[in-house]
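What follows is a single structure, written as structure tokens, with notes after it.
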Amino acid sequence: MLRLAGPLQAWGERGAFGEKDTADIPTRSGLLGLIASAAGIRRGAPLGALTELDFTVRIDRPGVRLIDFHTAGGGYPKGHGIPTAEGKRKDSAVITRRHYLADAVFTVAVTGPAHALDQAQAALETPCWQPFLGRRSCPPEQPMLLGRTPDAETALRTAPLPPRPQSQRGPVRVDIVRTAAPGDATAWSEMLDDCDAFPRGDRRYRARPVQRTTETLSSDLAETGTDYLDRLAAFMEANRA
């Protein structure tokens with residue numbers, strides 16, 4: 001079980017070059033990248049057993065979308081600008097619009113065969129490289145690793161929720177996004193976020209069918225102040241492997 005929270009997150013799905021988008025939930029490719037980075041797997045190397053993992057995301061707080069108008073390389077003398085892929089120099093500034101989710105919180109159930117979960121858990125407990133939430137400028141809050149449980153569905157319904165304003169007291173409705181089987185009769189959509197490797201310069205993604213349901217959770221899961229931290233600590237203790 002993972003808790004993904006921080007000032008900013010960015011889970012790119014389709015954007016590239018000048019417009020770098022973000023999906024509204026952590027993508028499969030982004031989550032695999034987070035774990036692979038923690039495991040010390042270099043870009044271009046096979047992900048091995050990690051490709052057998054699946055992810056179910058509970059949207060605890062969707063966050064607020066913001067766009068960073070970003071420039072790089074402006075104002076340099078001619079011939080000293082940003083290098084291009086052709087080996088030349090770009091004299092004008094490189095402009096990008098980078099989309100982020102601000103103040104979002106997600107609870108993620110990572111499921112799969114035991115050997116793949118063992119590798120992922122070991123990597124996240126003692127990461128080789130700094131984990132980040134989709135982009136290197138987005139470090140995660142702690143705690144991120146909440147523990148291990150044999151019943152992911154129950155854990156998704158009992159893991160603590162982040163504090164809410166007093167005006168929002170009462171039952172909590174959250175969206176839960178699961179990978180769906182192709183041809184499943186229930187409502188599903190597609191995300192372009194499935195991959196088995198991160199080759200240098202040639203990333204290829206497949207569409208993944210997902211099912212999104214809205215479920216009601218007890219208001220007792222959403223406490224205020226230090227009660228939230230106490231509930232997180234109790235949840236982690238109950239699910240300590």
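Taking Arg164 as the residue in question, decide whether it is over 25 Å from Thr27 (Cβ atoms) and touching a helix residue (DSSP H, G or I) at 6+ places or on another chain (Cβ under 9 Å).
For Arg164, the condition - over 25 Å from Thr27 (Cβ atoms) and touching a helix residue (DSSP H, G or I) at 6+ places or on another chain (Cβ under 9 Å) - is met.
Would you mind telling me which numbered condition in (1) at pLDDT 85 or above; (2) within 22 Å of the chain's Cα centre (by Cα) Thr216 fails?
Result: Thr216 fails condition (2) only.
Restricting to the stretch 96-145, give me the number of residues that are among the hydroxyl-bearing types (Ser, Thr, Tyr), under 16 Å from the mean Cα position of the chain (by Cα) and surrounded by fewer than 21 Cβ atoms within 10 Å (Cβ to Cβ).
2
Within the stretch 84-110, work out how many residues are farther than 28 Å from Leu8 by Cα and of a type outside the set (S, T, N, Q).
7
Any residue that is part of a loop (DSSP other than H, G, I, E, B) and under 24 Å from Ile41 (Cα atoms) - is there at least one of those in the stretch 54-77?
No, because not a single residue in the stretch 54-77 is part of a loop (DSSP other than H, G, I, E, B) and under 24 Å from Ile41 (Cα atoms).
Suppose we keep only residues that are more than 13 Å from Cys195 (Cα to Cα) and of a type in the set (Lys, Arg) within the stretch 1-42. Which one would you say is modelled with the lowest pLDDT?
The residue in question is Arg14.
So which of Ala5, Ala36 is among the small types (Gly, Ala, Ser) and buried (at least 24 other Cβ atoms within 10 Å of the Cβ)?
Unique residue meeting the criteria: Ala36.
Can you find, within the stretch 1-53, the residue that is farthest from the chain's Cα centre (by Cα) among those that are of a type in the set (S, T, N, Q) and assigned to a loop (DSSP other than H, G, I, E, B)?
Only one residue fits best here, namely Thr22.
Do we have any residue at all in the stretch 97-113 that's of a type in the set (A, V, I, L, M, F, W, C) and in contact with a His (Cβ under 6 Å, 6 or more places away or on another chain)?
No, because not a single residue in the stretch 97-113 is of a type in the set (A, V, I, L, M, F, W, C) and in contact with a His (Cβ under 6 Å, 6 or more places away or on another chain).
Within the stretch 88-131, count every residue that is without any contact (Cβ under 8 Å) to a residue 24 or more places away in the chain and either assigned to a loop (DSSP other than H, G, I, E, B) or of a type in the set (Lys, Arg) (or both).
Qualifying residue count for the region: 7.
The values are calculated or read from the model by the stated rules, or taken from the named source; none is laboratory data. Not measured: the values here are computed from a predicted model. Virtual Cβ from ideal backbone geometry, glycine too; neighbours counted across all protein chains shown.
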